[in-house]
Amino acid sequence: MLPVITLIGRPNVGKSTLFNRLTRTRDALVADFPGLTRDRQYGVGRIGPGPYVVVDTGGIGTAAEGVEALMERQVQLAIDEADHLLFLVDTKDGCTPEDMEIAQRLRRLGKPISLVVNKSDTMDPLLAVADFHQLGLDEPNAVSATQGLGVRDLIEHVFSRL
Ligand code: GDP
Ligand code: MG
């Protein structure tokens, strides 16, 4: 069985873009507006030490409704079948209250989680990750899903923690 790596995070942080990068496809819909990917989307990737299965999910969490309520069934199912969770956050937004809630929720699962600081092409990657140490997860992995920066390192990191 291939390891299952599942992308989790608020809408619009770049999950589908990273899915496409990890699978080298354009199967996942990428949009400028949140919430487009409604179901789970599966792909096989072979970057670095691969192969692996990648699962894209619709986003979770808005402050208004609360993460618990908004953790859609599809996302919960995707989390259940995951061997490793990639928790994506957005450099451009910084660490948001929703990110804090999601981190808390994910930590309780006891599954391996890698924190992925996406859109790090928009600023100095060292500055980009600084704001996210407060999430209390392991070392943040700075990537740019659009440019492919940091993606191979990320997958190597994931495989070292499976
Ligand atoms: P999702 O809702 O989490 O699946 O996010 P999407 O993959 O649909 O991306 C949301 C928006 O962020 C799109 O306009 C993407 O082009 C943009 N985006 C995604 N990754 C990056 C990145 O690494 N750098 C920049 N600058 N923009 C990105
Ligand atoms: Mg999406």
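Tell me, in nm to one decimal, what length is gained between LEU109 and LEU126 on full extension, where the rule is 0.36 nm per residue of separation less the Cα-Cα distance?
3.3 nm
Work out how much length GLN76 to THR146 would gain on full extension: take 0.36 nm times their residue separation and subtract the Cα-Cα distance, in nm to one decimal. Don't skip to the end; give the middle numbers.
Details: separation 70, 0.36 × 70 = 25.20 nm, distance 2.66 nm.
Length gained between GLN76 and THR146: 22.5 nm.
Pulled fully out, how much extra length does the chain show between SER160 and LYS92, if you take 0.36 nm times their separation in residues and subtract their Cα-Cα distance? Walk me through the numbers on the way to the answer.
Working: separation 68, 0.36 × 68 = 24.48 nm, distance 2.83 nm.
Working it through step by step, the gained length comes to 21.7 nm.
What's the local net charge at GLN147, with K and R +1, D and E -1, over the other residues with C-beta under 11 Å away?
+1
Among 111-118, 145-152, how do they line up from the highest to the lowest mean number of other beta-carbon atoms within 10 Å?
My ranking of the peptides, most packed first, is 111-118, 145-152.
Could you list SER16, SER160 in order of exposure, starting from the residue whose Cβ has the fewest other Cβ atoms within 10 Å?
Fewest-to-most Cβ neighbours within 10 Å comes out as SER160, SER16.
Got a sec to turn the phi values of the stretch 41-57 into Karplus ³J(HN,Hα) couplings, 6.51 cos²θ - 1.76 cosθ + 1.60 with θ = phi - 60°, whole Hz, x for Gly and Pro?
Once θ is set to phi - 60°, the couplings for the stretch 41-57 become 10, 10, x, 10, x, 9, 7, x, x, x, x, 8, 9, 10, 10, 8, 10 Hz.
Where a number appears in this text, it was derived from the coordinates with a stated rule and is not lab data. Because the structure is predicted, anything quoted here is derived from the model rather than measured. Note that each Cβ is placed from the backbone with ideal geometry, even for glycine, and that neighbours are counted across all protein chains shown.
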